[in-house]
Amino acid sequence: MSETTRESRRKMLKLLAAGSGLLVFPVGSLPGSEHETASEGARNPYWAYAVDTTQCIGCGACMRACRDENDVPEGVFRTWVERYRVGVDGEVRVDVATGNDHVFEPIEGEVAKAFFVPKLCNHCEKSVCNQVCPVGAAYNTPDGVVLVDQGHCIGCGYCVQACPYGSRFINPGTHMADKCTFCYHRITKGLAPACVHTCPREARLFGDINDPTSKLSVLLRQRRYRLLRPEMGTHPKCYYLGLDREVI
């Protein structure tokens, strides 16, 4: 294959990826963090997350663990799992197990394929949610986690409207903005987020992408992955492995 042909194929793949709303990264490619190590031998953690959709079985254990760990009120979610059903006619149907047990009910009908996709806050490096907060309550921590300062939040809901991933909500108990925090109270003590800890298939992975030897860093160098809505320019840090084209 000539060099000209190779270049043409590369350009075509980039156009296809952009048109689908997903950014595809080849094996061995990991976007560089803007938060590099301060000096040689001194490495600060920079947390990120990955979801292997080929392993998720839709059991809902992650949603239950998140609810119990973070006292999430009924009717709102810090993380959720979507069930995708692609019919033989090509129509895509998506639902979420919103009951208290977070268990999907069986649905009759023939499908061409079906799969589950966990979703959560993408903890973007350039969070638009933070940018629209009028009081500076939404912010990024030095180790890469997007949080909400409950002492300053006024519950205006601007960040909820701005989030491209629909991952924020107004907590009906506190009347302030709420979202996934990567279980910050756990990870600062060396523990994994509750959803990662409880997943029976290791479909959810969490780690330090500033550490090239971490399990997450190694995985992202070995596997192709995608980002949701990369065209927003928010630099999300939730990497999806095995993600189908039907996912939005």
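Read-outs: derived from the displayed coordinates by stated rules, not from any lab. Since the model is a prediction, treat every value here as computed from it, not as a measurement. Cβ atoms come from the backbone with ideal geometry, glycine included; neighbour counts cover every protein chain shown.
Couple of notes before you dig in:
- Non-local Lys pairs in region 38-241, i.e. 8 or more apart or on different chains, that have alpha carbons under 27 Å apart: 14
- 5 Å binning of all Cα-Cα separations within region 38-241, expressed as whole percents from 0 upward: 1, 7, 14, 18, 20, 17, 11, 6, 3, 1, 0, 0
- Note on region 37-100: Kirkwood radius taken over Cα pairs, Stokes-Einstein applied at 4 °C and 1.567 mPa s, translational D equal to 86 µm² s⁻¹.
- Extension gain for the segment Cys156 to His185, taken as residue separation times 0.36 nm less the Cα-Cα distance, is 7.9 nm to one decimal.
- Once the Cβ-Cβ distance of Lys215 and Asp95 is raised to the sixth power relative to R0 = 35 Å, the FRET efficiency obtained is 0.65.
- Most to least packed among 87-100, 172-185, 138-151 [average Cβ atoms within 10 Å]: 172-185, 138-151, 87-100
- Relative to its Kirkwood radius, the Cα radius of gyration of region 140-190 gives an Rg/Rh of 0.98.
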